Amino acid sequence: RLVAALAAAALVAALASAGQAEARAAQAAKPNVVVVTTDDWTLRIASRMPNFRRLERLGTTFANAFVSYDLCCPARTTFLTGQYAHNHGVRSNFFLSGGGFKSFRGARNSLPAWLQRAGYRTAFVGKYLNEYGSTAPREIPPGWNDWHGLIDYSTYNYFNWAINENGRVHYHGDRAYADALIAFARAGVEGRIRSVGDALAVMKATFKPVDYYGLARERDYQVDVVGRIADQALRRLIGAGAGGATGGPGKPFFLWYTPIAAHKEGDYERVAGLRPGPPQTVDPRPPARYAHTYDAVGPPSDPSIDEADVSDKPASVSGRPLMTPDVVAGIRRNERGRLGAARAADDAIGRLLDTLRRAGQLDRTLFVYTTDQGYLQGQHRIPDNKYFAYEPGIHIPMVMAGPGVPRGRTVRDMVFNHDLAPTIVDAAHARAGRVMDGVSLLPRLHGSRLAPRDLALEALQPSLTFKIGVPVFDLQAPYYGVRTDRYKYVKWSFGDEELYDLRRDPYELENLAGNPADGALKARLAAEARRLRACRGQACSRR
């Protein structure tokens, strides 16, 4: 009996050991995932960033990547869910307009939580969803093991800001000024700002003096500090994956790093015209080391810049005057600031790549670069804006590198921001908890062609409204539409339509919506836009 018992015990131990080995092998087969999401980067900015170009050499560039909703909060929620905004429900940037952090009610059922269940350790560093932290600065959203989230509205100040690091709030720059920015955001979320008069009253009580804009110490430069925090988070993840107190052997990790650059630095109350502008002449301000790096770079110069004839454009554009020399000079000046700020974020991308390489993890890590949306800088007489469906706003840079990803390759199929979550879920052998609207791009990386798909264009709410429902910022009325591999159709809430043949007219200079000869084409695209407006899951990927 003793022999039999010993044999049985040996068999159980062997099976347990084999099971543990199998589990370790399964974990080892899962790649680490690092995703960098910058803010408002255009193709033009990305092309001038050395570490972005380095990443292109290491991996595959998606030359025709697009976002469906050209606005921060809906776009970031799309990354977290793999869904169009009409399915995930975050309809704008601010709670007052049906968006913002408080409107994302499905955080427990989103990408980081899915990856945790698949055995991943997760870390977040940077800008999360608009208005995050303004009412509960120490709140940590579900799904994150290591949390470093910027607190709104201090997020948008490059020198005076606050960050929640695993439940403890740390300040940089002028704490009182950062707290004033947060207090102003809180007033909006709590419904105390329902009119321009309310906003002015809250501002007068919050900012003292009203024209004070904080400190500008180089050691507080947000993009640099947050970049270092991201690298430290990555080092902890690598250490945990190698075995240690915070993770088991071979445990894969997921890092989402979201620097603010190259978002405008002006806070929302200034943008809305509620107080005078800050004294600096460059928006955003670059770090000192890049203050003059891009002095020789001129403004964008494509034919749509300060478009000569906008009479065929929708009412929100057709009434805009030609840009004055001062406006053009401002675009050029701010572009230098955007490039300098972006270069600081690009430095952090380089550090992340170097840390992975030194740890022997670069070839084991799916490294994804994207941005939440593009930006308009003078196209169609729009000096600086997003939200529109014009190409500079929705056509974004996107690169992937890592295990199984071909190096130095370019994919020209149309891909979308709601494809990223399905791709990561596929690579991680995870299971999504919601029906996703995108598709995994892994088969395309391995040589298969993607089935032709159309992109739903949607702007579900004005970015910011007061109680009468009128947009505070001009140009931001809702619309819906569709972009195919050749055409774009947009239907505005006030009735105007736009139709462009992008093959013949890549800069969207000639609106064909009023051309009787294109009536059948417009009707077909309008029907497709209406279908996609309510699509869900696989139906979003069918023509």
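The values are calculated or read from the model by the stated rules, or taken from the named source; none is laboratory data. Treat the numbers as computed from the prediction; the structure is a model and nothing was measured. Cβ sites come from the backbone with ideal geometry, for glycine too, and all protein chains shown count toward neighbours. Please note that ligands, DNA and RNA were not included when accessible areas were found on the heavy atoms of the full protein model with its side chains. Shrake-Rupley method; radii C 1.70, N 1.55, O 1.52, S 1.80 Å.
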- Query: Only one of (1) closer than 29 Å to residue 157 by Cβ; (2) open to solvent by less than 30 Å² (accessible area, probe 1.4 Å); (3) not hydrophobic (A, V, I, L, M, F, W, C) fails for residue 61. Which number is that?
  - Reply: (1)
- Residue by residue through region 415-460, note down the ones that are without any contact (Cβ under 8 Å) to a residue 24 or more places away in the chain and either closer than 11 Å to residue 83 by Cβ or surrounded by fewer than 16 Cβ atoms within 10 Å (Cβ to Cβ) (or both). 426, 443, 447, 448
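Yes or no, residue by residue, for (1) over 30 Å from residue 359 (Cβ atoms); (2) open to solvent by less than 30 Å² (accessible area, probe 1.4 Å); (3) not in a helix (DSSP H, G or I); (4) not polar (S, T, N, Q):
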{"residue": "131", "(1), (2), (3), (4)": "yes, yes, yes, yes"}
{"residue": "159", "(1), (2), (3), (4)": "yes, yes, yes, yes"}
{"residue": "182", "(1), (2), (3), (4)": "yes, yes, no, yes"}
{"residue": "205", "(1), (2), (3), (4)": "yes, no, no, yes"}
{"residue": "208", "(1), (2), (3), (4)": "yes, no, yes, yes"}
{"residue": "229", "(1), (2), (3), (4)": "no, yes, no, yes"}
- Message: Given the condition modelled with pLDDT under 95 and open to solvent by less than 20 Å² (accessible area, probe 1.4 Å), answer yes or no: does some residue in region 286-304 qualify?
- Response: yes
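Sort out which residues of region 348-381 are of a type in the set (D, E, K, R), surrounded by fewer than 20 Cβ atoms within 10 Å (Cβ to Cβ) and touching a residue at least 12 places away in the same chain (Cβ under 8 Å), and write them in order of number.
From region 348-381, those of a type in the set (D, E, K, R) are 351, 354, 357-358, 363-364, 372, 381; that's our starting set.
Okay, now just the ones that are also surrounded by fewer than 20 Cβ atoms within 10 Å (Cβ to Cβ), so 351, 354, 357-358, 363-364.
Matches in region 348-381: 351, 363, 364.
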- Scanning region 161-180 for residues that are charged (D, E, K, R) and under 18 Å from residue 212 (Cβ atoms), the one most open to solvent (accessible area, probe 1.4 Å) turns out to be 175
- Per the list (1) modelled with pLDDT of 95 or more; (2) within 22 Å of residue 189 (Cα to Cα); (3) open to solvent by 50 Å² or more (accessible area, probe 1.4 Å), residue check on residue 89 breaks on (3)
- Which of the residues belonging to region 176-197 are over 27 Å from the mean Cα position of the chain (by Cα) and without any contact (Cβ under 8 Å) to a residue 40 or more places away in the chain? 176, 192, 197
- Go through (1) acidic (Asp, Glu); (2) modelled with pLDDT under 95; (3) under 30 Å from residue 430 (Cα atoms) one by one and return the number of the condition residue 146 breaks. (2)
- Consider residue 480 against the criteria (1) under 16 Å from residue 316 (Cβ atoms); (2) at pLDDT below 95: it satisfies all of them except one. Which criterion is unmet? (2)
- Test set (1) farther than 21 Å from residue 265 by Cα; (2) acidic (Asp, Glu); (3) open to solvent by 60 Å² or more (accessible area, probe 1.4 Å) - residue 307 fails condition number: (3)
- Does residue 37 count as touching a residue at least 40 places away in the same chain (Cβ under 8 Å), in contact with a strand residue (DSSP E or B) (Cβ under 6 Å, 6 or more places away or on another chain), over 25 Å from residue 153 (Cα atoms) and surrounded by fewer than 24 Cβ atoms within 10 Å (Cβ to Cβ)? no
- Query: Name the residues in region 104-119 that are open to solvent by less than 50 Å² (accessible area, probe 1.4 Å), assigned to a loop (DSSP other than H, G, I, E, B) and under 28 Å from residue 189 (Cβ atoms), would you?
  - Reply: 104, 106, 110
- Message: Quick check on my filter: what residues within region 184-203 are charged (D, E, K, R) and open to solvent by less than 10 Å² (accessible area, probe 1.4 Å)?
- Response: none
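Which residues, counting only those in region 402-414, are open to solvent by less than 30 Å² (accessible area, probe 1.4 Å) and out of contact with any strand residue (DSSP E or B) (no Cβ under 6 Å at 6 or more places or on another chain)?
Step one: list which residues in region 402-414 are open to solvent by less than 30 Å² (accessible area, probe 1.4 Å), which gives 402, 405, 411, 413-414.
Passing the criteria: only 413.
Among the candidates 522, 491, single out the residue that is open to solvent by 30 Å² or more (accessible area, probe 1.4 Å) and in contact with a helix residue (DSSP H, G or I) (Cβ under 9 Å, 6 or more places away or on another chain). Explain how you work it out, then say what you get.
On the way: 522 fails: in contact with a helix residue (DSSP H, G or I) (Cβ under 9 Å, 6 or more places away or on another chain).
Every option except 491 fails the conditions.
Go through 530, 543 for me and flag whichever is modelled with pLDDT of 95 or more and outside any strand (DSSP E or B).
Values: 543 fails: modelled with pLDDT of 95 or more.
Result: 530 is the single residue among 530, 543 that is modelled with pLDDT of 95 or more and outside any strand (DSSP E or B).
Can you name every residue in region 310-326 that is surrounded by fewer than 16 Cβ atoms within 10 Å (Cβ to Cβ) and in contact (Cβ under 8 Å) with a residue 24 or more places away in the chain? Before you say what the answer is, go through the steps one by one.
Quick first cut of region 310-326, residues surrounded by fewer than 16 Cβ atoms within 10 Å (Cβ to Cβ) only: 311, 315, 318-319, 321-322, 324-326.
Passing the criteria: 315, 321, 322.
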- Return the total of residues in region 60-76 being under 11 Å from residue 93 (Cα atoms) and hydrophobic (A, V, I, L, M, F, W, C). 4
